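Q: Pasting in a structure now, in structure tokens, and then I'll have a few things to ask.
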Amino acid sequence: QDNRFPGIGRNATPAEVAAWDIDVRPDFKGLPPGAGSVARGQEVWEAKCASCHGVFGESNQVFNPLIGGTSPDDARTGRVQRLVEPGYPGRTTMMKLATVSTLWDYINRAMPWNAPKSLSVEEVYAVTGYMLHLAQVVDDKFVLSDRNIADVQKRMPNRNGMTTKHALWPGQELGGTARPDVRAARCMSDCPVEAKVASFLPDHARDAHGNLAEQNRPVGPQRGVVTQRPVAA
Amino acid sequence: QDNRFPGIGRNATPAEVAAWDIDVRPDFKGLPPGAGSVARGQEVWEAKCASCHGVFGESNQVFNPLIGGTSPDDARTGRVQRLVEPGYPGRTTMMKLATVSTLWDYINRAMPWNAPKSLSVEEVYAVTGYMLHLAQVVDDKFVLSDRNIADVQKRMPNRNGMTTKHALWPGQELGGTARPDVRAARCMSDCPVEAKVASFLPDHARDAHGNLAEQNRPVGPQRGVVTQRPVAA
Amino acid sequence: AAGLAAAPATAQPAGDPAILELPEHTRGLGQPVAADGYGKPSRFETNVQRRQSPGLTQTRQASVSFAPLQSLFGIVTPSGLHFERHHQGWWDIDPSKHRLMINGLVKAPKVFTIDEIMRLPSVSRFRFIECGANTGMEWGNVAVPTVQYTHGMLSCSEFTGVPLITLLEMAGVDLKKGRFVLAEGADGSSMTRTIPMSLIRSGEVLVAYGQNGEMLRPENGYPLRLVVPGIQGVSWVKYLRRLEVGDQPYATKDEAIHYLDLMPDGTHRQYSGIQECKSVITTPSGGQMLLDQGYYSITGLAWSGRGKVKQVDVSVDGGRNWKAARLQGPVLDKCLTRFQLDWAWDGKPALLQSRAVDETGYVQPNYRQLRAVRGSRSIYHNNAIQTWLVEASGEVKNVQVS
Amino acid sequence: AAGLAAAPATAQPAGDPAILELPEHTRGLGQPVAADGYGKPSRFETNVQRRQSPGLTQTRQASVSFAPLQSLFGIVTPSGLHFERHHQGWWDIDPSKHRLMINGLVKAPKVFTIDEIMRLPSVSRFRFIECGANTGMEWGNVAVPTVQYTHGMLSCSEFTGVPLITLLEMAGVDLKKGRFVLAEGADGSSMTRTIPMSLIRSGEVLVAYGQNGEMLRPENGYPLRLVVPGIQGVSWVKYLRRLEVGDQPYATKDEAIHYLDLMPDGTHRQYSGIQECKSVITTPSGGQMLLDQGYYSITGLAWSGRGKVKQVDVSVDGGRNWKAARLQGPVLDKCLTRFQLDWAWDGKPALLQSRAVDETGYVQPNYRQLRAVRGSRSIYHNNAIQTWLVEASGEVKNVQVS
Ligand code: HEC
Ligand code: HEC
Ligand SMILES: [Ca+2]
Ligand SMILES: [Ca+2]
Ligand SMILES: [Ca+2]
Ligand SMILES: [Ca+2]
Ligand SMILES: [Ca+2]
Ligand SMILES: [Ca+2]
Ligand SMILES: [Co+2]
Ligand SMILES: [Co+2]
């Protein structure tokens, strides 16, 4: 500690750090000891999660589906095959997720959405395990615990699906590249473009965002386009 | 006119310019022909002005007194003597005013305060004349008009009281000075000051601006001082 | 080619009644001072609002509202119109009960009150903030009609706060091992993001409480948020309660499930924070109607997460030919920069585009160039050149060109 | 030397309940996006208001409200807190019915609609505006308790508009004879002021419609006001309706009866527009109470109507010894500049002062230097060094020193 600012700030107590330091890292630093069965997880899920996410985590009522799109083969390779197929609609949470710690950490800190931080440690283990079971990563007898979670990590369907080989992280910490991936030139005239309209909003969608006339100032160099007219007109 | 911006702006019509170009300059450019007597001015004053400014222009109910502090001798010299006396309390409009055009222009554009631009040209002449009469610049038989106003200007008590010999006008148009009048130095240590408190607010005025605790954010490096306490305290 | 008729300013023989008949406000007494101790915009400005994009999100608490860029001037975003992005709703937190904790690889974990943080030496900086998902709806094709929805997850403010490095130093940070910092919020989502120590050491990451001269707005993290210049908005953790110094990144939900860039080969780019150089024309823009032919000042905004904007070029023929636009000063680091180009509209269809170049020499790509590398499924970090079609009718539409 | 007790952050044995007991907002779901299409400050910010000074004026329509400088950060003044000065009340004018006329020494008098003015090429500039009467109550002695009242007729915004010279050129201005421009408002007072053509020709005088990214606020002249950088606020005519080019100054009411500087010899300086270099410490400042001894960041604002601020010095011993303060960038022309100095308060009485120097080399004077030339009856253009006394109790008071 430096002493430039005497009297500002104080040391945190161990209990204070414990109350707030809840993050769980990919190497499971921060994970509290404990365990929960898939069966218990199903109870938690159906009582506290299914109303929003669907009985099988398939609902997109309040959010993208959590489960689906992964296969036992993905769990073997650690790459979700469907991510390669451009035709596959949408991506579930389980398709993207590489680190099981993320799931535990996030459920523990933020779910249920309307009552975050209300789950016990056992409930978090249990419901995390249940989600892994829905995603065919563990079987229905599984009891997820701090001692076997590292093994589960080795079966995460997309565990090998991430890369930091890009130039969008500002430092060298992640072994990325310094040179941006997309490289355009500053052409000033007769540039090689067709300049033909290739995509536009269909006419019937003109009013999908409401009456644009009401979304522009009624004075100025232009007006908003009237996309809705009174029924009488 | 230049043609960089075709279609933007249009010529004003003569009637439009006449409707808005109401200013009257010290050389009386802009003054419409017309006249009004002191007697008529008294009627206007008492009907439309005295309620705010007092029967003799002496009131400071809504504003500084308009009349007072000038003498027939000032009208001769064109310098208001009382402005030199530091002990004289306050300055009336007539003490400061160098240009009679200003009075005509301002009454015409802005008075009565709650009904500006409601006076006829004759009423403006008349009430201006009446104010000049209250200030002993013209007698009670006077009829102010566009033809004699230049003579009145020659009797304005403070007509020689203005200077533009200063550095607070940015251009050279008014023959001012380029060098600022107040010249301090950037002394950094052992500077020649006493550094004794010479003026402060008396304790009984602490709450004259309300409870300062309520005029400062309730969080931050400091608080507002509690200058008012509930009667019970 | 006149579309909607503007209020005609043409003179009747004698002149315009708006001039000849003096309005009430020229003939009366107006309202008093301090009628509003905290004032608000004119009643004629009610169209200028932040808005949701219908159907974009399933809830309004895990959602976004877009800033009305089509109606803004200069570079400062009025705080009342700053875009919003919440994951578990926003709160108006009592600052006297809020605390900031520093822990992890430090000599002693620390707790600060807001009083204490506001007592430390502060800096104020104009910075843009852009959501990593801004323009995300347009990766594949045109999806929304106006610049509010295409680019409105973008705002710019003068932020005031304490450099995070100061607080870390006060706790005795281990700068050798500690190469990452976890920032955590106090809301229900307790948003967490991994912040690069390299940026923190540069001094530009702020623990901010001020925004445009006043405290942060509740929607923007009152009383504390992290300011991470050049990095996507999700890292600017709101309701900031804790900072942990660590030796590994944290793979939090919003860096392991979202804010991942899906590449054509099915891999996801993780920890992709920088908002690369980008620009957009805001006037004229989609959903507007030009009132007349003749002179227009094409204007818009440019920015780069890597530093200053160096140049902006504007094309009115869909990218075939370009002219250098004027940049409005001051041109500041990781801040919005406004550009302008004179244009005489001849009433024929036109395809308006802007292209920004930053001080690193990076050139904003068009959709072909961007998709050639990244495909069209990424959601995040779409910084492609935007095209607005001005039709002969004067109507302006959002389009993408080949 | 602690005065008011701050909310204690001291740990009970286990710790602070604000940490140990998770607050509601950490355990619940917050409010939705776009709950306010145009947002407002936190409910904990209600003390931050513009205010009248009791007894200063006889009416509230010919009056002033002061900006709460003691609570502001950085250089931008939130538009809702911009100081007000009205002579006949303020109005919220329908912009579609507002017109701007140019007449006088021009080839053809012109009329513009707001649509047309907004179509012309615009510039945006950060500028301070200060009333010529700011600090006027303090010419003779201390009169008011806080910086809100001593210096609060001061604000700073990013203004957007058309350079007036452009409009004059469109009308075919006679720049040889036309050395003065009369600016006239559309309110009841139809405020008129003579504007120097030299400033207009420099391009910096704007016919502005934008302020901090949105339209001007009604209290500040919506839909049009003149921006006359460096010159006292009364010249920034609001509700601007007309500009007349002339060959003589106009001696309007507010340049022939008010905004005159009374000198000791009884003459009045007329047409004294420039706001000379000035500064003030805003934190800590009068009416505040320091909570504790120890480190403070002394901070305040400096500005000059003649250009950029070059240096600011701070004294804690009433002007005997000075230290150079840090200037917060960007340092802009005729714009507020924030300065800071580290200070460890030892609990003894201290006299805090700031002194600014501008790029012309002009040094802000102390009261003795100022009064030696101008006496103490001027009302206007008081740019003397301000002193705040920190008492041993922690209470800060407005004082003047010998
Ligand atoms: C009241 C509705 C609701 C309930 C109940 C609820 N969730 Fe959620 N859940 C959401 C919403 C909304 C989100 C998206 C939050 C965001 O955008 O950050 C979400 C996100 C998630 C995610 C992250 C998904 C992703 O792709 O980001 C997981 C995992 C999750 N919920 C699990 C659970 C579990 C387990 C429970 C029960 C213990 C639960 N949820 C209860 C609404 C709910
Ligand atoms: C309803 C109250 C009211 C009425 C009626 C009224 N005035 Fe005034 N007058 C004021 C106020 C208030 C001011 C100060 C305005 C300002 O601050 O710009 C003023 C200012 C003036 C001034 C300028 C004084 C100065 O020193 O600036 C003159 C001259 C004047 N009034 C003359 C008149 C005349 C002549 C009439 C009647 C035809 C009139 N007034 C009617 C309230 C009134
Ligand atoms: Ca302390
Ligand atoms: Ca941790
Ligand atoms: Ca439809
Ligand atoms: Ca036209
Ligand atoms: Ca005239
Ligand atoms: Ca009292
Ligand atoms: Co986002
Ligand atoms: Co003023």
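Q: Of all residues being under 19 Å from the mean Cα position of the chain (by Cα) and among the small types (Gly, Ala, Ser) in region B:134-189, which is surrounded by the most Cβ atoms within 10 Å (Cβ to Cβ)? Just the residue, please.
A: B:ALA135
Q: When you check A:GLY129 against the structure, is it more than 25 Å from C:HIS87 (Cβ to Cβ) and either within 13 Å of chain C (Cβ to nearest Cβ) or open to solvent by less than 30 Å² (accessible area, probe 1.4 Å) (or both), yes or no?
A: Criteria not met by A:GLY129.
Q: Further, regarding this structure: Considering C:GLY172, C:GLY221, which residue is under 20 Å from the mean Cα position of the chain (by Cα) and at positive phi?
A: Testing whether each residue is under 20 Å from the mean Cα position of the chain (by Cα) and at positive phi leaves just C:GLY221.
Yes/no matrix, rows are residues, columns are (1) aliphatic (A, V, I, L, M); (2) within 16 Å of ligand 7 (Cβ to nearest atom); (3) open to solvent by 10 Å² or more (accessible area, probe 1.4 Å):
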position: D:ASN103; (1), (2), (3): no, yes, no
position: D:VAL106; (1), (2), (3): yes, yes, yes
position: D:PRO109; (1), (2), (3): no, yes, yes
position: D:PHE112; (1), (2), (3): no, no, no
position: D:SER124; (1), (2), (3): no, no, no
position: D:ARG127; (1), (2), (3): no, no, yes
position: D:CYS131; (1), (2), (3): no, no, no
position: D:ASN141; (1), (2), (3): no, no, yes
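Q: Further question: Looking at region D:340-353, is at least one residue assigned to a loop (DSSP other than H, G, I, E, B), under 27 Å from D:CYS156 (Cα atoms), touching a residue at least 12 places away in the same chain (Cβ under 8 Å) and open to solvent by less than 40 Å² (accessible area, probe 1.4 Å)?
A: No, region D:340-353 contains no residue that is assigned to a loop (DSSP other than H, G, I, E, B), under 27 Å from D:CYS156 (Cα atoms), touching a residue at least 12 places away in the same chain (Cβ under 8 Å) and open to solvent by less than 40 Å² (accessible area, probe 1.4 Å).
Listed here are the residues, each with its yes/no results for (1) open to solvent by less than 40 Å² (accessible area, probe 1.4 Å); (2) more than 13 Å from ligand 1 (Cβ to nearest atom); (3) more than 7 Å from every other protein chain (Cβ to nearest Cβ).
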{"position": "A:GLY9", "(1), (2), (3)": "yes, yes, no"}
{"position": "A:THR13", "(1), (2), (3)": "yes, yes, no"}
{"position": "A:ILE22", "(1), (2), (3)": "yes, yes, yes"}
{"position": "A:PRO33", "(1), (2), (3)": "no, yes, yes"}
{"position": "A:VAL44", "(1), (2), (3)": "yes, no, yes"}
{"position": "A:ALA50", "(1), (2), (3)": "yes, no, yes"}
{"position": "A:VAL55", "(1), (2), (3)": "no, no, yes"}
{"position": "A:ILE67", "(1), (2), (3)": "yes, no, yes"}
{"position": "A:GLY78", "(1), (2), (3)": "yes, yes, yes"}
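Q: Let me ask you something else. Can you tell me which residues in region D:203-239 are within 9 Å of another protein chain (Cβ to nearest Cβ), in a strand (DSSP E or B) and of a type in the set (A, V, I, L, M, F, W, C)?
A: The answer is D:MET215, D:ILE231.
Q: If I filter region C:110-129 down to residues being under 30 Å from C:CYS277 (Cα atoms) and facing chain D (nearest Cβ under 7 Å), which single residue comes out as farthest from the chain's Cα centre (by Cα)? It would help to see each step written out before you state the result.
A: Going through region C:110-129, the residues under 30 Å from C:CYS277 (Cα atoms) turn out to be C:122-129.
Filter again for facing chain D (nearest Cβ under 7 Å), leaving C:122-124.
Details: C:SER122: 23, C:VAL123: 20, C:SER124: 18 Å.
In this case the residue turns out to be C:SER122.
Q: Shifting gears a bit: Against the condition of a type in the set (Ser, Thr, Tyr) and not in a strand (DSSP E or B), how does D:SER376 come out, does it pass?
A: Here the answer is yes, as D:SER376 does meet what is asked.
Q: Okay, moving on. For the structure I just gave you, tell me whether D:GLU45 is of a type in the set (Asp, Glu), at pLDDT 95 or above, open to solvent by 50 Å² or more (accessible area, probe 1.4 Å) and away from ligand 1 (no atom under 16 Å from the Cβ).
A: No: the conditions fail for D:GLU45.
Q: Right, another one. For residues in region A:184-219 being part of a helix (DSSP H, G or I) and at the interface with chain C (Cβ under 7 Å from one of its Cβ atoms), which is nearest to ligand 4 (Cβ to nearest atom)?
A: Here is the first cut: in region A:184-219, the residues part of a helix (DSSP H, G or I) are A:203-205, A:212-215.
Then drop every residue that is not at the interface with chain C (Cβ under 7 Å from one of its Cβ atoms), which leaves A:212, A:214-215.
Numbers: A:LEU212: 48, A:GLU214: 48, A:GLN215: 44 Å.
Of everything passing the filter in region A:184-219, A:GLN215 is nearest to ligand 4 (Cβ to nearest atom).
Q: Quick check on my filter: what residues within region D:297-313 are surrounded by fewer than 24 Cβ atoms within 10 Å (Cβ to Cβ) and hydroxyl-bearing (Ser, Thr, Tyr)?
A: Within region D:297-313, just D:SER297 meets the criteria.
Q: Condition (residue is closer than 30 Å to D:ALA392 by Cβ, away from ligand 4 (no atom under 16 Å from the Cβ) and facing another protein chain (nearest Cβ under 7 Å)) applied to region D:321-333: is it met by at least one residue?
A: To start, the set of residues in region D:321-333 that are closer than 30 Å to D:ALA392 by Cβ comprises D:321-326.
Filter once more, keeping what is away from ligand 4 (no atom under 16 Å from the Cβ): D:321-326.
Pick out the ones that are also facing another protein chain (nearest Cβ under 7 Å) and you get D:321-322.
Checked region D:321-333: at least one residue is closer than 30 Å to D:ALA392 by Cβ, away from ligand 4 (no atom under 16 Å from the Cβ) and facing another protein chain (nearest Cβ under 7 Å).
Q: Which residue pairs have Cβ atoms closer than 7 Å, lie 6 or more positions apart in sequence or on different chains, and pair a first residue in region A:84-103 that is within 7 Å of chain C (Cβ to nearest Cβ) with a second residue that is β-branched (Val, Ile, Thr)?
A: So the pair list comes out as A:THR93/C:ILE257; A:LYS96/C:ILE257; A:LEU97/C:ILE257; A:SER101/A:VAL24; A:THR102/C:THR252; A:THR102/C:ILE257.
Q: I would also like to ask the following. Quick one: what pairs do we get from region B:196-209, first residue open to solvent by less than 40 Å² (accessible area, probe 1.4 Å) and of a type in the set (Ser, Thr, Tyr), second within 16 Å of ligand 10 (Cβ to nearest atom) and at pLDDT 95 or above, C-beta under 9 Å, 6+ apart or different chains?
A: Close Cβ pairs satisfying both conditions: B:SER199/D:GLU138.
Q: So which residues in region C:218-257 are among the acidic types (Asp, Glu) and buried (at least 24 other Cβ atoms within 10 Å of the Cβ)?
A: The answer is C:GLU219, C:GLU244.
The values are calculated or read from the model by the stated rules, or taken from the named source; none is laboratory data. Keep in mind that what you see is a predicted model, and the values were worked out from it rather than measured. Please note: Cβ atoms are built from the backbone with ideal geometry, for glycine as well, and neighbour counts cover all protein chains shown. Please note that ligands, DNA and RNA were not included when accessible areas were found on the heavy atoms of the full protein model with its side chains. Shrake-Rupley method; radii C 1.70, N 1.55, O 1.52, S 1.80 Å.
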